[in-house]
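Okay, here's the structure, questions in a sec.
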Amino acid sequence: MNDTVLTKCSSGPSAWSTASQWLDPGAQSAPWWKVIGPQLCLLAQEARYPMEKQFEIILFLFAKVLPRVGALKNGGKLNSPSRYTSLLTDDRTLFEYSWKWNSSTSSPEIRYCIEAIGSHTGDSADPYNYLETEKLLTQDLTSCVPGLDLTWFHHFAKAFGIDQRQVASDNSNAPKASMFVAFEHVLKGVVVKAYFLPSAEAGSGGPPTFKTFAGAARGVLTNAAALDAALDFAKNNVMGIDLVPDMLAIDCVDPTKSRLKLHVSATATSFASIVSVMTLGGTISDMDRGIKGLELLVSLSIGSTIVTHI
């Protein structure tokens, strides 16, 4: 995922420009509005959203998101307090854009991810930056986002200890917990997603393991067959052994409709390694068409021949 580039647009797209004539974002949000607003609006424009949807996207940003991301520091760099470092992007920017590719029968969709920042972020009252995210979801969005369901959000925040008021390890170098929130602007409404990065493994002070994530997931799953298959791949497959779990993501909707996604990293970079992970070592069938499409996309992106062997 690419980092957000904080460069101001000389003249914003029409929806943002029009809205800016009448909106006063306030001293804290104004710098973000001037930087993120036109960029997000341009993405919406390029994705060919209807004009009314473009206005909805930037007004949602203005009214619900910007008040929860703190102040942008001078120079457009890290906006989080010095006591807290965001893990969302490599340059510590608290916005990250995402583009959902369209098919022959669908349109593109835009998404972006944030880490909420509050006055107590990183201090003894909120070491894992839980409070501001909770306020965003429970106070700001519950009443205005149809279908928003925080059942799984509360479960995983508790299961990973992110809602705690004291750090899980005395090791100052141990991984710190964190949470991100993403907004996917579908044609009718917005889908809210939550991402969980657990803190240090209890008792070890080391990074979270597959066991960490699996233990939390089993608390909500009625059928763990898919989870067990993924864990078996990670334990016994040559490509699976290389995987390192990073974070877990959910859709904040009715749990019966939500997906549970485990994000992992790996050192292998061949296309064959990607296929191996996507198919769990070939145990998932009927993916030939999707893999061929992915192969074409990767080939066009990197401008070279795909390596099809591990």
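The numbers here are math on the coordinates, done by the rules we state, and not lab data. Given the structure is predicted, the values throughout are model-derived calculations rather than measurements. Cβ: placed from backbone, ideal geometry, glycine included. Neighbour counts: every protein chain shown.
What number in nm² do you get for segment 219-310 if you take the convex hull of its Cα atoms and divide its surface by four?
7.2 nm²
Measure off 7 Å from each Cα along the Cα-to-Cβ vector at SER301 and THR18, then give the distance between these two points in nanometres to one decimal.
Inter-label distance under the simple model: 3.4 nm.
Using modelled amide H (1.01 Å from N, peptide plane; none on Pro or chain starts), what sits under 5 Å from the amide H of GLU109, excluding residues fewer than 5 places away?
LYS100
Any idea how far apart SER107 and ALA225 come out in nm if each label point goes 7 Å out from Cα toward Cβ?
A separation of 3.7 nm, rounded to one decimal place.
How far is it, in nm, from the label point at THR283 to the one at SER124 when both lie 7 Å from their Cα along the line to the Cβ?
Here the answer is 4.8 nm between the modelled labels.
Hey, fewest Cβ within 10 Å first, where do SER270, SER258, SER104, SER29 land in order?
Ordered from fewest to most neighbouring Cβ atoms within 10 Å, SER270, SER258, SER104, SER29 come out as SER104, SER270, SER258, SER29.
A further question on this structure: Mind listing the phi-derived Karplus ³J(HN,Hα) values for segment 99-110, rounded to whole Hz, using 6.51, -1.76 and 1.60 with θ = phi - 60°, and x for any glycine or proline?
In residue order, the calculated couplings are 10, 8, 5, 8, 10, 5, 10, 9, 10, x, 10, 9 Hz.
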